[in-house]
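The values are calculated or read from the model by the stated rules, or taken from the named source; none is laboratory data. Treat the numbers as computed from the prediction; the structure is a model and nothing was measured. A quick note on method: Cβ atoms are made from the backbone with ideal geometry, for glycine too, and the neighbour counts reach across all protein chains shown. Calculation scope for accessible area: heavy atoms of the full protein, side chains included, ligands and nucleic acids excluded. Shrake-Rupley method; radii C 1.70, N 1.55, O 1.52, S 1.80 Å.
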Amino acid sequence: DMIDYSSVSGCIIFKPNSYSIWENIQKIFDSRIKQSGHKNCYFPMFIPESLLKKEAAHIEGFSPEVAWVTRAGNTELNEKLAIRPTSETIMYESYAKWVRSWRDLPILLNQWNSVVRWEFKHAKPFIRTREFLWQEGHTAHAAKEEAEKEVMRQLFEYVDLIENSMAIPVVAGKKTEKEKFAGADYTTTVEAFMPDGKALQMATSHMLGQNFAKVFGIRFLDQNEKEAFAWQTSWGLSTRTIGAVVMVHGDDKGLVLPPKIAPLQIVVVPIVFKENKDVVISKAKEVVKKLKLKNYTVHLDDRDGYTPGWKFNEWELKGVPLRVEIGPKDIEAEQLVLVRRDTNKKTIIKANDLEKNVEQTLEDIQNNLFKKAKDYLAKSVVEVHSMDELVKAVKNKKMPKAMFCGSIECEDFIKDKTEGATCRCVPFEQKPAKGKCIQCGNEAKSWALFARGY
């Protein structure tokens, strides 16, 4: 019950069960970036063609995906308007007007919005749709060093968000020249690995250098009264992260949601019979009240006409991390039953120890989900030393790590040979690459991770 399909091909409806996950992700990340001085804003979704075309590499990278507005009512527009595929161009036109002096910098802006990217191979809910939701941060700085610090600061904010809140382990690294963001000096990324044997780019942080500043005229007088161009960054994370949560943690019973981003953390299910219904419901309401005082999101499922077993299955399907069961025998024994969604383990606790046990159990669930996913990632990354080994690893749904020269020609060859595997990233954490490129035999520059993507 997370999405529905709309009548627009490739576009999904985010129902409350998925949108509330996005709201929780927003809440956590928005709080983080505001602490470091970033402010939210909103720019138009329509971008004049002349603006989009200003940075040649940028428009070349996006042109196949751009949706255009050409008519308003019965009137043909004088200039086509792109529906925002990303906001660099529309935002930087304004930055050029706002920046005059070094005192006007840095600009630290972020917006939460939707973007449209029309072309794709196959629609996949959350992972690849024509319209999706995201945040995009756009900063401008007086010095290169400041901008580079910003790139890394935001990248590791993403690492923290994804690992600690979504319980998904990631590999942080740099994209190759071929895979970098169009118009950037370089792109940093966090990559996760899904159970179907494909890698997923969870978030990116781009060093734009002065490329857009020179095109859009974002110049200022520095402290020495000399004219200089601003140094810029952009960084983003989207609703594809919801798809990652579904794939990484889900099981045959349905969703398994990490407590930190679950819309509903606890469901209380009273087990009632006609003769004791009022007493049990009353006690269940007391349990809910206690838990809400601790700021948990809790729901009391006291619906008539549904058996407890039916309710258990429904909440398991929806991935609620913890279920509290209470029946007449539990009231007599002054106890409660806790059932974890991640392991399905039942624990009987004293009613007086409810808050302490719930806190510990939710923390254990969060940690267990991360550990399980981290073990899977560790088993999936395999070191290879020949093209045959690399091809075999991709075929076996692994993420091969190989020595690589970094050339686009070698990357193209590997993609063709493996039927679609690309260089996901050059990890920041790696041992020295002392040897030859796995493809061309020239001196390797680094170890790189390869995998098929979406």
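Among the residues of the range 90-124, those that are at pLDDT 95 or above and in a loop (DSSP other than H, G, I, E, B) comprise VAL99, ARG100, LEU105, PRO106. Can you find a residue that is hydroxyl-bearing (Ser, Thr, Tyr) and surrounded by 15 or more Cβ atoms within 10 Å (Cβ to Cβ) anywhere in the range 304-320? Checked against the condition, which is being hydroxyl-bearing (Ser, Thr, Tyr) and surrounded by 15 or more Cβ atoms within 10 Å (Cβ to Cβ), the range 304-320 yields no hits at all.
When the range 403-434 is examined, which residues are found to be assigned to a loop (DSSP other than H, G, I, E, B), among the β-branched types (Val, Ile, Thr) and in contact (Cβ under 8 Å) with a residue 60 or more places away in the chain? Break it down stepwise before answering.
Just the residues of the range 403-434 that are assigned to a loop (DSSP other than H, G, I, E, B), to begin with: 405-407, 418-421, 428-434.
Checking which are among the β-branched types (Val, Ile, Thr) leaves us with 418.
Within the range 403-434, none qualify.
Within the range 254-276, the only residue that satisfies the criterion of being within 20 Å of the chain's Cα centre (by Cα) and among the basic types (Lys, Arg) is LYS260. Among residues that are open to solvent by 20 Å² or more (accessible area, probe 1.4 Å), within 22 Å of LYS253 (Cα to Cα) and not in a loop (DSSP other than H, G, I, E, B), ASN276 is not included.
Is it fair to say PHE220 is of a type in the set (Phe, Trp, Tyr) and in a strand (DSSP E or B)? Spell out how you get there, then give the answer.
Values: of a type in the set (Phe, Trp, Tyr): yes; in a strand (DSSP E or B): yes.
Yes, satisfied.
Screening the range 331-347 for residues that are part of a helix (DSSP H, G or I) and without any contact (Cβ under 8 Å) to a residue 24 or more places away in the chain and picking the one that is surrounded by the fewest Cβ atoms within 10 Å (Cβ to Cβ) gives GLU332. Candidates in the range 105-132 are the residues that are touching a helix residue (DSSP H, G or I) at 6+ places or on another chain (Cβ under 6 Å) and open to solvent by 30 Å² or more (accessible area, probe 1.4 Å); of these, the one that is nearest to ALA228 (Cα to Cα) is ARG117.
Within the span defined as the range 77-85, one or more residues are outside any strand (DSSP E or B) and either open to solvent by less than 60 Å² (accessible area, probe 1.4 Å) or within 20 Å of HIS58 (Cα to Cα) (or both). The set of residues from the range 407-451 being surrounded by 20 or more Cβ atoms within 10 Å (Cβ to Cβ), in contact with a Ser or Thr (Cβ under 8 Å, 6 or more places away or on another chain) and not hydrophobic (A, V, I, L, M, F, W, C) comprises GLU411, ARG424.
I want to confirm something. Restricting to the range 163-180 and keeping residues that are of a type in the set (A, V, I, L, M, F, W, C) and in contact with a helix residue (DSSP H, G or I) (Cβ under 7 Å, 6 or more places away or on another chain), which single residue is surrounded by the fewest Cβ atoms within 10 Å (Cβ to Cβ)? Can you show your working first?
Residues of the range 163-180 that are of a type in the set (A, V, I, L, M, F, W, C), as a first pass: 166-168, 170-172.
After this cut, where a residue has to be in contact with a helix residue (DSSP H, G or I) (Cβ under 7 Å, 6 or more places away or on another chain) as well, the list is 166-168, 170, 172.
Working: MET166: 29, ALA167: 27, ILE168: 27, VAL170: 25, ALA172: 21.
Per the criteria, the residue is ALA172.
Listed by first and then second residue, the pairs with beta-carbon distance under 6 Å, at least 6 apart or on different chains, first residue in the range 23-34 and open to solvent by 20 Å² or more (accessible area, probe 1.4 Å), second β-branched (Val, Ile, Thr), are ASN24/ILE261. Across the range 218-240, the qualifying residues are those that are small (Gly, Ala, Ser), surrounded by fewer than 24 Cβ atoms within 10 Å (Cβ to Cβ) and within 32 Å of the chain's Cα centre (by Cα), and the one among them that is farthest from LYS97 (Cα to Cα) is SER238.
Pick from GLU148, GLU136, GLU88: which is open to solvent by 40 Å² or more (accessible area, probe 1.4 Å) and either closer than 24 Å to TYR186 by Cα or over 24 Å from the mean Cα position of the chain (by Cα) (or both)?
Values: GLU136 fails: open to solvent by 40 Å² or more (accessible area, probe 1.4 Å); GLU88 fails: open to solvent by 40 Å² or more (accessible area, probe 1.4 Å).
Only one candidate qualifies: GLU148.
If the condition is being touching a Lys or Arg at 6+ places or on another chain (Cβ under 9 Å) and in contact (Cβ under 8 Å) with a residue 12 or more places away in the chain, then the range 285-312 contributes VAL298, LEU300, ASP301, ASP302, LYS311, PHE312. For the range 1-18, the tally of residues that are surrounded by fewer than 16 Cβ atoms within 10 Å (Cβ to Cβ), outside any loop (DSSP other than H, G, I, E, B) and in contact with a helix residue (DSSP H, G or I) (Cβ under 9 Å, 6 or more places away or on another chain) stands at 0.
May I ask you to verify whether LYS356 is open to solvent by 90 Å² or more (accessible area, probe 1.4 Å), farther than 28 Å from SER165 by Cα and out of contact with any strand residue (DSSP E or B) (no Cβ under 7 Å at 6 or more places or on another chain)? When the stated conditions are applied, LYS356 does not pass them. Here ILE21 does not qualify as of a type in the set (A, V, I, L, M), farther than 30 Å from GLY217 by Cβ and in contact with a Ser or Thr (Cβ under 8 Å, 6 or more places away or on another chain).
With respect to the stated conditions, VAL268 fails to be crowded, with 19+ Cβ neighbours inside 10 Å and in a helix (DSSP H, G or I). State the number of residues belonging to the range 348-392 that are assigned to a loop (DSSP other than H, G, I, E, B) and either among the hydrophobic types (A, V, I, L, M, F, W, C) or closer than 30 Å to PRO328 by Cβ (or both). Residues that pass the stated criteria total 1.
One residue stands out among those in the range 49-68 that are under 18 Å from GLY209 (Cβ atoms) and out of contact with any Lys or Arg (no Cβ under 6 Å at 6 or more places or on another chain): the one that is most open to solvent (accessible area, probe 1.4 Å), which is GLU60.
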